[in-house]
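These notes concern the structure reproduced below.
The values are calculated or read from the model by the stated rules, or taken from the named source; none is laboratory data. Treat the numbers as computed from the prediction; the structure is a model and nothing was measured. Quick reminder, even Gly has a Cβ in these numbers, built from the backbone with ideal geometry, and neighbours come from all protein chains shown. Just so you know, the surface numbers come from the protein's heavy atoms only, side chains and all, with ligands and any DNA or RNA stripped out. Shrake-Rupley method; radii C 1.70, N 1.55, O 1.52, S 1.80 Å.
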Amino acid sequence: GIDTARYGHRVNFLREDKQLAAKAITITENREGYDLLRKEIEALHARHSEAQFHVHIDAAGQYAANLEAFLRGLTIPVSVSIGEPKRNKNYHSTFSPKRATDDTESLAMARFAVVEKPAPTRPIPSAFVILREIASRLQGAVKDLTRAVNRFHNLISRVFPELAMIVTDLDAGWILDLLEKYPSPQRIANASLASLCKISYLRKNVAEAIQTAAKNTVASVSGSAAESLIAEQIVNIRNCENAEKKLLKLLTDTFQNLPRTGHCQVITIPGIGPATAAVLVAKMVDIERFAAPENVVGYFGIFPEEKTSGVDRKGRHIPPGTMAMCQKGSDIVRRYLWNAAR
């Protein structure tokens, strides 16, 4: 059992009778550490030549990627299982309820491997590894953009609150263009209507409504500092948008350059283009990883579930059978599937 971390990993070795097969070790995330792990496995193999080796790793996260590749490249046959963090946590709580250390974590995972004998995790083909890495970065960029837009909305609510009552999409391109040129209600109020109408996609009647609201704003934040904050938020949003566009192009280009396998069928589904297909394939990799369609649905979290606990805002008990969309799974997949469905 191996508990992974940023700079090193804790390793415990158990026999089938759940007794220690060797002394636990800590390996560093470098060649020296990996060589130490190889020597330990080779020494165990020399003493128990007929034994089967199964390694269970806590989760397939960023700290496990290099370790997994190393284990799969060993000359000694080693089966590798990765993940099941909930069950790993339950094992740890059962056998070490009062301690939470790297050693108890790796020991719990070793015990899990011996007792449960989890099926080996299918290796990810090398061509798909970089696709998953890009998809992960894209998901981070999407979250960064969402946070930037939320901060912008929060600022607008104090600098020019009336704007949200006139337009529904505050982060639309023409709104950013307008506030980039006129970063406060005072600037908008003092501008000529003709100059406002030169902003692309800003219709005259909307410009008139915005200018009227600007002249009578109840904003609590104003001045040059407020204008600087608006300008800074606009730059931040545009930087996030550019980063997302670049990563999306890199993802779709990488997807289209993959070796032709069954994943090519995804893009034949109506409504699914290269971007959506690339995101889905990056997360699924191989449909054979899922035993049934409902496993795919559960993996992505795209399903309604019953929410009947608690009370609503008026203090009324939520009636049985009340359904809500599940918030589990990959948010970036939900985003692209929503667009595909539309």
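Can you tell me what the convex hull of the Cα atoms of the chain projects to on average, as an area in nm²? Don't skip to the end; give the middle numbers.
Values: hull surface 101.2 nm².
If you wrap the Cα atoms of the chain in a convex hull and average its projections, you get 25.3 nm².
What value, in deg cm²/dmol to 500, does the helix sum -39500 (n - 2.57) over DSSP H runs of n ≥ 4 give at 222 nm once divided by the residues of the chain?
Values: 14 runs with 183 residues, N = 342.
So the helix-based figure for the chain works out to -17000 deg cm²/dmol.
For the range 65-162, just run the numbers: alpha carbon Rg, then divide by 2.2 N^0.38 Å, N being how many residues it has.
1.69
Assuming R0 = 51 Å, can you tell me the calculated FRET efficiency for the pair Glu50 and Met325, based on Cβ-Cβ distance, to the nearest 0.05?
Approximately 0.50, to the nearest 0.05.
So for the range 13-94, considering every pair of alpha-carbon atoms, how many percent are separated by more than 22 Å?
Result for the distance tail: 27 percent.
Quick one: Cα convex hull volume of the range 154-203, Å³ per residue?
Here the figure is 76 Å³ per residue.
Could you provide, to the nearest whole Å², the per residue accessible area of the range 21-178 with probe 1.4 Å?
Working: 8800 Å² over 158 residues.
Dividing the accessible area of the range 21-178 by its residue count gives 56 Å².
Enumerate the residues in the range 106-139 having an amide nitrogen under 16 Å from the point lying 7 Å beyond the Cα of Cys264 toward its Cβ.
Output list for this probe position: empty.
Rounded to a whole number, what % of the accessible area of the chain do carbon and sulfur atoms account for, probe 1.4 Å?
On the chain, the fraction of accessible area on carbon and sulfur atoms equals 53 percent.
Evaluate the range 113-196: find the radius of gyration of its Cα atoms, find its Kirkwood radius, and give the ratio Rg to Rh.
On the Cα set of the range 113-196, Rg over Rh gives 1.37.
Keeping every protein chain present and rolling a 1.4 Å probe, give me the accessible area per residue for the range 288-342 in Å².
76
Calculate, in nm to one decimal, what Ala119 and Lys86 gain on full extension: separation in residues at 0.36 nm each, minus their alpha carbon distance.
Between Ala119 and Lys86, full extension yields 10.3 nm more.
Need one word for the range 172-297: rounded, prolate or oblate. Basis is the Cα gyration tensor (sqrt eigenvalues a ≥ b ≥ c); a/c below 1.5 gives rounded, then a/b vs b/c decides.
The shape class here is prolate.
What spacing in nm lies between the two simple spin-label points modelled at Asn295 and Arg238, each 7 Å away from Cα in the Cβ direction?
So the two model labels end up 4.8 nm from each other.
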